[in-house]
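The values are calculated or read from the model by the stated rules, or taken from the named source; none is laboratory data. Here the structure is a predicted model, which is why all the values come from computation and not from measurement. No Cβ is skipped: glycine too gets one built from the backbone with ideal geometry, and neighbour counts run over all protein chains shown. Only protein heavy atoms, including side chains, enter the accessible area calculation; ligands, DNA and RNA are left aside. Shrake-Rupley method; radii C 1.70, N 1.55, O 1.52, S 1.80 Å.
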Amino acid sequence: MASWEGEVISTLGKSCDRTSWSTSSGRDTENGCASSWDGPASSSWSTVTAFDFLLVFIMGSSSRQGIRAGRGEQRAQRNSMKAWLNGLAEFFNSVTGGSSLIPTYRVLDGGGNVIPGAELPQIDKAFAHRLYENMQLLPTLDTVLYNVQRQGKISFYYGEEATIIGSAAALEMDDEILGQYREMGVLLWRGFAIDDVMAQCFGNEEDGSGKGRQMPVHFGSPKHHFHTISSPLATQIPQAAGVGYALKRTPDRRSRSIAACYFGEGAASEGDFHAGLMLASTIPSPTLFIARNNGFAISTPSTEQYNGDGIASRGPGYGIDTVRVDGNDVLAVLAAIREARKRCLEQGRAVLVEAMSYRVSHHSTSDDSFAYRPRTEVEDRKKVDNPIMRFRLFMESQGWWNADAETELKARLKEDVMKAFKRAETLKRAELSELFTDVYGGEQPWHLKEQRAELAGLLRKYGSTYEPWRKELAKFKNNGRDLLD
Amino acid sequence: MYQAVRDAMSIALAKDDSAVVFGEDVAFGGVFRCTMFGRERVFNTPLTEQGIVGFGVGLALMGHTAIAEIQFADYIFPAFDQLVNEAAKIRYRSGGTYNVGGLTIRTPTMSVGHGGLYHSQSPEGFFMGASGLKVVIPRSPIQAKGLLLGSIRDPNPVIFMEPKILYRSAGLFAVEQVPVDDYELPLGQAEILVPGADLTLLTWGTPVYHSKVELIDLRSILPWDVETVAESVNRTGRLVIVHEAGMTAGVGAEISAEIQKRCFLKLNAPIKRVTGWE
């Protein structure tokens with residue numbers, strides 16, 4: 001089971017077979033399953049029977065403590081003796097070698113049954129309903145916004161239900177979130193309204209995330225402790241280390257709040273990923289890194305993104321406690337993030353969670369992923385490993401859900417979304433003068449004042465007479481008149 | 001000048017509990033070692049410029065005061081994305097709901113004569129196009145202390161570039177009695193050091209010490225003080241801009257374009273740039 005120099009501990013459940021998740025270049029596991037990654041529709045996927053319901057954290061800290069105590073040097077000396085005795089060859093891949101892969105923690109199987117021996121995280125009916133409603137809200141929004149995009153109205157949106165909602169539910173409401181693109185569900189969990197979502201996606205006058213300045217899904221809300229998303233990938237990762245450190249230095253949040261940072265496995269190829277984990281490790285802070293490994297960065301499969309064992313294998317290299325979890329199993333995500341959060345606070349140190357899922361949607365709505373993967377593969381995966389279906393089956397088995405409730409929920413969510421959508425469509429853009437605000441705090445520098453005055457001059461001259469401008473100005477609140485004042 | 005810089009940081013740390021100072025090797029030596037502030041507030045980072053700036057952005061997002069050091073301005077480029085796409089734009093992209101005004105990046109700049117290719121550059125021009133940032137270059141100890149405290153307390157992220165030849169210089173350069181008090185100098189304002197009638201010489205940093213005409217120390221690169229410069233050139237009719245960085249698309253090019261627009265009828269000669277070779 002352990003692949004990390006004996007420094008593996010378990011916190012939940014009992015020992016069981018290894019999982020057969022393969023994250024990289026199609027290495028087989030001892031179960032003889034082909035890589036479930038490259039061919040999710042293959043028999044290996046549907047016949048997976050060996051699960052690991054053990055919540056296994058690879059310890060980042062014990063090797064570090066060993067080095068502090070001088071044991072690292074002793075070990076190195078013993079190792080060099082061993083090299084002399086046994087030859088160099090066995091020292092290659094002594095840590096990463098063989099076919100051993102980091103196991104994946106699961107609670108539910110593909111049919112929504114609790115895996116024998118697995119420990120259910122503490123949830124009740126009301127909490128389960130809340131999880132499920134939020135999970136269902138994501139594809140409802142997705143469908144509406146997707147269709148809008150196909151009409152050319154907004155740019156893109158996508159979601160990963162179990163990873164996002166499961167983790168959101170495990171965090172406290174005021175843990176600081178630094179997200180990438182797919183974490184809208186965390187905001188929804190915290191009470192960000194569907195109207196707020198629509199306002200940002202349409203960039204209308206009610207967009208409190210960014211006054212219509214950013215592309216869709218770039219949400220942000222200090223009230224919900226959700227830092228504004230930016231397009232450049234991975235920049236949030238070193239920032240999260242700084243946010244975590246600030247929390248540690250804030251008396252009323254120390255030991256109470258963490259920074260939670262989301263990113264995809266593609267973003268983990270950026271230098272900022274390595275910088276961020278290294279900083280959170282060497283300058284300890286309660287920072288939780290949540291890697292969403294969905295197998296694709298736009299069109300590039302993860303096999304072309306890295307050749308090691310996913311993202312989780314990097315955690316121990318930075319001395320960070322690490323766990324891999326089934327990202328399509330909401331209860332496994334919930335349990336893993338709860339435990340990870342607890343470790344962050346107790347140890348005051350960073351933790352890395354890698355959530356494995358398969359992106360059934362396109363990268364964005366401006367992308368057609370059937371060009372680089374077969375439609376049948378996606379359809380099969382939707383049926384076999386649909387995170388919503390898995391959880392629904394579990395809820396039904398508990399007597400918490402039925403077909404009537406399903407019909408009612410879907411109709412209600414669709415109505416809510418359509419209502420917000422129609423409302424957002426009619427609203428105007430923010431005032432045109434906002435183009436020049438928020439560049440600097442304090443007094444606006446001369447060059448921006450002059451540029452604002454230049455636009456105002458052009459509007460005075462042509463704004464009411466030049467037809468294309470007149471039409472464009474009508475889209476803004478106050479028709480651009482605020483610039484003329 | 002290094003003492004003035006340390007003095008400014010000491011004041012910032014003493015008066016603001018949220019302030020921290022960090023960067024490569026900052027905990028080594030100097031007045032901060034094992035002194036009153038402790039390793040929680042003055043600490044080393046691993047060798048990662050993008051990480052240092054990103055970490056500072058995170059602290060500043062939480063309203064804390066982050067004083068980061070990039071060991072040499074020549075090595076600021078790995079942090080370019082964090083500075084230009086993140087620090088500079090966070091206020092704008094969040095509609096004013098988030099900002100990183102508490103972030104100050106200190107970095108030694110310009111040449112000392114024995115630094116070779118990668119310890120001599122003047123990269124201020126690369127940041128002049130990144131509105132949302134401020135870029136400041138002091139010329140002397142008194143200026144360094146006041147401008148650094150001004151930068152730390154400015155509600156915007158500031159890149160504070162310290163001409164490194166001035167750190168320990170005596171004689172020709174910058175020996176001054178620096179006030180021990182807490183004081184700030186304004187950002188975005190140039191200063192006429194030597195009034196004159198026939199020529200305006202505009203520069204900043206080390207080259208300030210090599211001139212004898214109406215001499216202006218620009219002090220801030222972004223935003224730059226167009227008013228002072230234009231007023232001077234309207235009087236003198238001639239402008240020479242001196243900077244250590246290369247000529248092509250340098251700060252001098254930007255200033256020339258703006259000044260010829262504003263002072264066209266008063267200019268007695270084309271604006272001349274005296275710059276480093278590329």
Looking at the stretch A:274-304, which of the residues that are surrounded by fewer than 23 Cβ atoms within 10 Å (Cβ to Cβ) and closer than 15 Å to A:Gly244 by Cα is nearest to the chain's Cα centre (by Cα)? A:Met278
Considering only residues that are under 14 Å from B:Leu59 (Cα atoms) and among the aliphatic types (A, V, I, L, M), which ones fall in the stretch A:261-297? A:Leu279, A:Ala280, A:Ile283
Between A:Ser313, A:Ser281, which is within 14 Å of chain B (Cβ to nearest Cβ) and on the phi < 0 side of the Ramachandran plot? A:Ser281
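Out of everything in the stretch B:120-170 that is part of a loop (DSSP other than H, G, I, E, B) and basic (Lys, Arg), what residue ends up being farthest from the other protein chains (Cβ to nearest Cβ)? Before you say what the answer is, go through the steps one by one.
If we filter the stretch B:120-170 for residues that are part of a loop (DSSP other than H, G, I, E, B), which is where we start, we get B:120-123, B:128-130, B:132, B:137-140, B:154-157, B:167-170.
Filter once more, keeping what is basic (Lys, Arg): B:139, B:168.
Numbers: B:Arg139: 21, B:Arg168: 30 Å.
Only one residue fits best here, namely B:Arg168.
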Counting only residues that are in contact with a Gly (Cβ under 7 Å, 6 or more places away or on another chain) and open to solvent by 30 Å² or more (accessible area, probe 1.4 Å), which one in the stretch B:93-122 is nearest to B:Ser18 (Cα to Cα)? B:Asn99
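Do we find that A:His274 is in the same structural domain as A:Gln347 (by TED's automatic domain parsing) and either within 18 Å of B:Asn99 (Cα to Cα) or modelled with pLDDT under 95 (or both) in this structure?
Numbers: in the same structural domain as A:Gln347 (by TED's automatic domain parsing): yes; either within 18 Å of B:Asn99 (Cα to Cα) or modelled with pLDDT under 95 (or both): no.
Taking the combined requirement at face value, the residue does not satisfy it.
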Restricting attention to the stretch A:461-485, which residues are assigned to a loop (DSSP other than H, G, I, E, B) and either closer than 25 Å to A:Glu425 by Cα or open to solvent by 70 Å² or more (accessible area, probe 1.4 Å) (or both)? A:Gly463, A:Ser464, A:Thr465, A:Tyr466, A:Ala474, A:Lys475, A:Asp485
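For the stretch A:340-357, which positions are part of a helix (DSSP H, G or I), touching a residue at least 12 places away in the same chain (Cβ under 8 Å) and open to solvent by 20 Å² or more (accessible area, probe 1.4 Å)? Walk me through it before giving the result.
Residues of the stretch A:340-357 that are part of a helix (DSSP H, G or I), as a first pass: A:340-347.
Cutting the leftovers down to touching a residue at least 12 places away in the same chain (Cβ under 8 Å) gives us A:340-341, A:343-345, A:347.
Hits for the stretch A:340-357 are A:Arg341, A:Leu345, A:Gln347.
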Find all pairs meeting these conditions: Cβ atoms under 9 angstrom apart; at least six residues apart or on different chains; first residue within the stretch A:414-428 and within 22 Å of A:Met135 (Cα to Cα); second residue among the polar types (S, T, N, Q) and crowded, with 19+ Cβ neighbours inside 10 Å. A:Lys414/A:Thr140; A:Asp416/A:Thr140; A:Val417/A:Thr140
Between A:Leu448, A:Leu458, which is at pLDDT below 95, aliphatic (A, V, I, L, M) and open to solvent by 50 Å² or more (accessible area, probe 1.4 Å)? A:Leu458
If you take the residues of the stretch B:171-193 that are at pLDDT below 90 and touching a Leu at 6+ places or on another chain (Cβ under 6 Å), which of them is farthest from B:Gln143 (Cα to Cα)? B:Phe173
Taking the stretch A:284-304 and keeping residues within 14 Å of another protein chain (Cβ to nearest Cβ) and in a strand (DSSP E or B) leaves A:Thr287, A:Leu288, A:Phe289
Among residues of the stretch A:435-445, those that are more than 21 Å from B:Ser220 (Cβ to Cβ) and open to solvent by less than 60 Å² (accessible area, probe 1.4 Å), counted: 1
Restrict the check to the stretch A:409-428 and report whether at least one residue is open to solvent by less than 30 Å² (accessible area, probe 1.4 Å) and under 30 Å from B:Ser131 (Cα atoms). no
Looking at the stretch B:258-278 only, could you name the residues that are open to solvent by 50 Å² or more (accessible area, probe 1.4 Å) and under 23 Å from B:Gln121 (Cβ atoms)? B:Lys272, B:Arg273, B:Val274, B:Trp277, B:Glu278
Identify the residue in the stretch A:447-481 that is touching a helix residue (DSSP H, G or I) at 6+ places or on another chain (Cβ under 6 Å) and within 14 Å of another protein chain (Cβ to nearest Cβ) and, among all such residues, is farthest from B:Pro223 (Cα to Cα). A:Arg452
Please count how many residues of the stretch A:305-339 are more than 21 Å from A:Gly117 (Cα to Cα) and either in a strand (DSSP E or B) or open to solvent by less than 10 Å² (accessible area, probe 1.4 Å) (or both). 7
Could you please tell me which pairs satisfy a Cβ distance under 8 Å, a separation of 6+ or placement on different chains, a first residue in the stretch B:217-240 that is within 16 Å of B:Lys272 (Cβ to Cβ) and open to solvent by less than 20 Å² (accessible area, probe 1.4 Å), and a second residue that is of a type in the set (Lys, Arg) and outside any helix (DSSP H, G or I)? B:Leu239/B:Lys272
Could you check, for the stretch B:109-118, whether at least one of its residues is closer than 19 Å to B:Ile152 by Cβ and within 7 Å of chain A (Cβ to nearest Cβ)? no
Which of the strands (runs of 3 or more DSSP E) found entirely inside the stretch B:1-92 contain at least 1 residues meeting this: within 12 Å of chain A (Cβ to nearest Cβ) and surrounded by fewer than 21 Cβ atoms within 10 Å (Cβ to Cβ)? B:42-44
Could you check the stretch A:157-269 for helices (runs of 4 or more DSSP H) lying wholly inside it with 1 or more residues that are touching a Ser or Thr at 6+ places or on another chain (Cβ under 8 Å) and surrounded by fewer than 24 Cβ atoms within 10 Å (Cβ to Cβ)? A:194-202, A:236-248
